[in-house]
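Q: Supplied in structure tokens, the structure appears directly below.
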DNA sequence: GTCTATAAGTAGATAGAC
DNA sequence: GTCTATCTACTTATAGAC
């Protein structure tokens, strides 16, 4: 009698330990340098366990990303719906907040400090297979948010709004994944210890950038 | 009688072709997936040529980055000096411009469209060796620009300014390296064909974010 | 300077015992 | 479900001929 496996939940112990170990090592070293052997060693599992549970290394890597991105993107769309349901003109800061806050929340709540580094790594260094997964997981978010921003910034050319959306994604990814560098830059003046204050700083910066005047 | 080799200049044909091929393949595939074999094949050189000219794959990779980053960071510091030499209070937009414009200029002038992708890849996915090179090449830029920004934003907490510097680097890297994605997002509405207009959009966005009000 | 040939190591995947 | 042992493929680096 095996435990019924609910996709994305804790399910079997070994399976979950493999995901945790993979997330940690991919965050520390990158997808290519995190070998199946190092992952199974850290998870205290056998080398063959990856093939058994995920079919291949690629299957494991896909699930590492999918298990965090599913709740993050669900929260984003829920917050966007709430924001757009308010009466009056669309609230620019609310839209930015709906995009920026959920990943910080999930990383904080799930105690998943390594996932930010995993994310920025594949975002900028995707293999062909990861590119497909990312497109699949982000398509709805991209469409809904860029549409909302175009409505919220009616005086801006849509081409400018798409660029500003892209700028937002860039700051967000770099902050989630490389925020630890700021501690070095600044000699400890800035730090990532309080994720809430970092995400608030980010919301302020991005909202102001979004609201900048257009080309003269 | 061999051609005297000036570091960073065109020097020997094979050497330069190896650098160009490496830049292209690292941009397309990442450092780890770009093998020495694929690089020497594309450069129409022999497998052993990398060891001969650069000592190792790591030596080749380092020079791929150093040959573009040297002029980029030199231009940045020159533009910052000019900006700070102006009378009156430091010009925020001028500082942002000094950081943002040089990489776009060098990529455009050197016909090096792949270098942006190389850069964002190692920035977010550095091996231990690359981390050292990046620290070495960026230390002066980080110190000078963060200092100038703290002066230009006297009403802001330095911790906030360091974060905003980090946000700027994030948008810039993501735009230089992943700008081609915007063409997909936007269904062709936005594009990277005119680098000058992209860098101007970026300067506007970042300057507005830098100038945002602080915490209440 | 350029080449061939090969060394020495490590990757992911899997067959088959338990 | 878990394990050991092994296969095949590919990596970088290098010795030594030309």
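Throughout, read-outs are computed from the coordinates displayed, never taken from laboratory work. Note that the coordinates shown come from a computational prediction; the quantities given were computed from them, not determined experimentally. FYI the Cβ positions are ideal-geometry reconstructions off the backbone, even for glycines, and counts take in every protein chain you see.
Q: What does the average come to when, for each residue of peptide B:184-191, you count the partner chain Cβ atoms lying within 10 Å of its Cβ?
A: Averaged over the peptide's residues, the number is 6.
Q: Along Cα→Cβ at 7 Å, what distances in nm separate the residue A:215 label point from those on the other copies, shortest first?
A: Result, one decimal in nm: 3.8.
Q: Can you tell me the relative contact order of chain A? Whole percent, Cα pairs under 8 Å, sequence separation 6 or more.
A: Relative contact order of chain A: 20 percent.
Q: Sticking with this one: Any chance you could check the Cα centroid distance between the stretch B:84-131 and the stretch A:84-130 for me, in angstrom?
A: After rounding, the separation between the Cα centres reads 25 Å.
Q: At R0 = 30 Å, how high is the FRET efficiency between residue A:47 and residue A:75 if r is their beta carbon distance? Nearest 0.05 is fine.
A: For R0 = 30 Å, the calculated efficiency reads 0.25.
Q: At 222 nm, what value in deg cm²/dmol follows for chain B if DSSP H runs of at least 4 each add -39500 (n - 2.57) and the sum is divided by all its residues, to the nearest 500?
A: Estimated from H runs of four or more residues: -23500 deg cm²/dmol.
Q: Then there's this: Among B:100, A:206, rank each residue by its count of other Cβ atoms within 10 Å, from fewest to most, as a rough exposure measure.
A: B:100, A:206
Q: Now for a separate question. Evaluate E = 1/(1 + (r/R0)^6) for residue B:213 and residue B:111, where r is the Cβ-Cβ distance and R0 equals 56 Å; express this FRET efficiency to the nearest 0.05.
A: The value I calculate is 0.85.
Q: While we're here: Considering all alpha-carbon pairs of the stretch A:137-216, what whole percent are spaced by more than 20 angstrom?
A: The calculated P(r) of the stretch A:137-216 puts 43 percent of pairs beyond 20 Å.
Q: Considering only the label points, 7 Å along Cα→Cβ from Cα, what distances in nm to one decimal separate residue A:91 from the same position in each other copy, shortest first?
A: 3.9
Q: Roughly speaking, what is the centre-to-centre gap between the stretch B:182-207 and the stretch A:152-209 when only Cα atoms are used, to the nearest Å?
A: 17 Å
Q: What list do you get for B:194, A:58 if you sort them by fewest beta carbons within 10 Å?
A: B:194, A:58
Q: Taking every residue in B:25-36, how many Cβ atoms of other protein chains lie within 10 Å of its Cβ, on average?
A: Neighbouring Cβ atoms belonging to other protein chains average 2 per residue here.
Q: What area, in nm² and to one decimal, does the C-alpha convex hull of chain A cast on average over all directions?
A: Orientation-averaged projected area of the Cα hull: 14.4 nm².
Q: Let me ask something else. Would you kindly work out, in nm and rounded to one decimal, the distances from the label point of residue A:47 to those of the same position in each other copy, ordered shortest first, with label points 7 Å along Cα-to-Cβ?
A: 2.4
Q: Can you give the log10 of the normalised intensity I(q)/I(0) at q = 0.24 Å⁻¹, computed with Debye over equal Cα scatterers of the stretch B:62-173?
A: -1.47
Q: I would also like to ask the following. Determine, from the Cβ-Cβ distance of residue B:37 and residue A:143 and an R0 of 45 Å, the FRET efficiency 1/(1 + (r/R0)^6), rounded to the nearest 0.05.
A: Step by step, r from the Cβ atoms, then E = 0.65.
Q: What list do you get for A:186, A:51 if you sort them by fewest beta carbons within 10 Å?
A: Ranked by crowding around the Cβ, least crowded first: A:51, A:186.
Q: When you look at the Cβ of every residue in A:112-124, what mean number of other chain Cβ atoms sits within 10 Å?
A: 3
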